[in-house]
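The values are calculated or read from the model by the stated rules, or taken from the named source; none is laboratory data. Every value quoted in this text rests on a predicted model; they were computed, and no experiment measured them. Please note: Cβ atoms are built from the backbone with ideal geometry, for glycine as well, and neighbour counts cover all protein chains shown.
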Amino acid sequence: MIEDPRFMKGEDRLKHRQEFNQIIEEYLAKAPAEDWLELFHVEDIMAGPINTIDKVVIDPQVKARNMILNLPHPLGGEVRLVGNPMKMEGIEEDKYTAPPTMGQHNDEILKGLLKYSDDQIARMREEEQRHALELIARLQKTAGDAAIRVLEKEVERQKQED
């Protein structure tokens, strides 16, 4: 390929990109990726594998950088999350938490950030209950009983929180 005029210069390789890629792919298919990566490393050529998820989660670098987190979830069990790739001094990785449950921070946001009064929040919740019941009635006509049970559980959970 070095002597092939189609690939001598960058613009030539670009012009003949399909042929170039086909030749490279056919050649790379002759050996496993690990062999190529080892050779590239020896030759000081920057390269790395494109891993599938099952290989990513066991990769030594992923483990060393604490990139897969198992965090307790308030609804039970653990949730597996991707860690923050930005590692900075002062960020305590043991302070990570699972994603919030639906509505978990509503009061905090409504009162603290949006400065809603308790009366405003109470009116919003009453309106929310009315709309939830309307939605349940509409879903019964279209979606069936399984969707209704999910919504009913959510409405009941919200009532218990209030």
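Of all the helices (runs of 4 or more DSSP H) wholly in the stretch 28-97, which have at least 2 residues that are under 17 Å from the mean Cα position of the chain (by Cα)?
Counting at least 2 such residues, we get 53-56.
Which pairs turn up if I take residues in the stretch 44-58 that are closer than 11 Å to Ala33 by Cα and look for partners that are surrounded by 11 or more Cβ atoms within 10 Å (Cβ to Cβ) with beta carbon separation below 6 Å, at least 6 apart in sequence or on another chain?
Pairs found: Ala47/Leu37; Ala47/Phe40; Pro49/Ala33.
Mind checking whether some residue in the stretch 64-79 is basic (Lys, Arg), outside the structural domain of Val155 (by TED's automatic domain parsing), surrounded by 13 or more Cβ atoms within 10 Å (Cβ to Cβ) and touching a Phe, Trp or Tyr at 6+ places or on another chain (Cβ under 7 Å)?
no
Residues are listed down the side, and each one gets a yes or a no for (1) more than 21 Å from His105 (Cα to Cα); (2) modelled with pLDDT of 80 or more; (3) surrounded by 12 or more Cβ atoms within 10 Å (Cβ to Cβ):
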residue	(1), (2), (3)
Ser117	no, yes, no
Arg125	no, yes, yes
Glu128	no, yes, yes
Ala132	no, yes, yes
Leu139	yes, no, yes
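Count, please, the residues in the stretch 73-122 that happen to be touching a strand residue (DSSP E or B) at 6+ places or on another chain (Cβ under 7 Å) and hydroxyl-bearing (Ser, Thr, Tyr).
Result for the stretch 73-122: 2.
Any idea how many residues of the stretch 110-123 are without any contact (Cβ under 8 Å) to a residue 12 or more places away in the chain and either over 31 Å from the mean Cα position of the chain (by Cα) or assigned by TED's automatic domain parsing to the domain that holds Leu75 (or both)?
Residues flagged as without any contact (Cβ under 8 Å) to a residue 12 or more places away in the chain and either over 31 Å from the mean Cα position of the chain (by Cα) or assigned by TED's automatic domain parsing to the domain that holds Leu75 (or both) within the stretch 110-123 amount to 8.
What's the number of the only condition in (1) under 30 Å from Asp118 (Cβ atoms); (2) exposed (fewer than 12 other Cβ atoms within 10 Å of the Cβ); (3) of a type outside the set (S, T, N, Q) that Gly103 fails to meet?
(2)
It is to be established whether one or more residues within the stretch 141-149 are of a type in the set (S, T, N, Q) and outside any helix (DSSP H, G or I).
no
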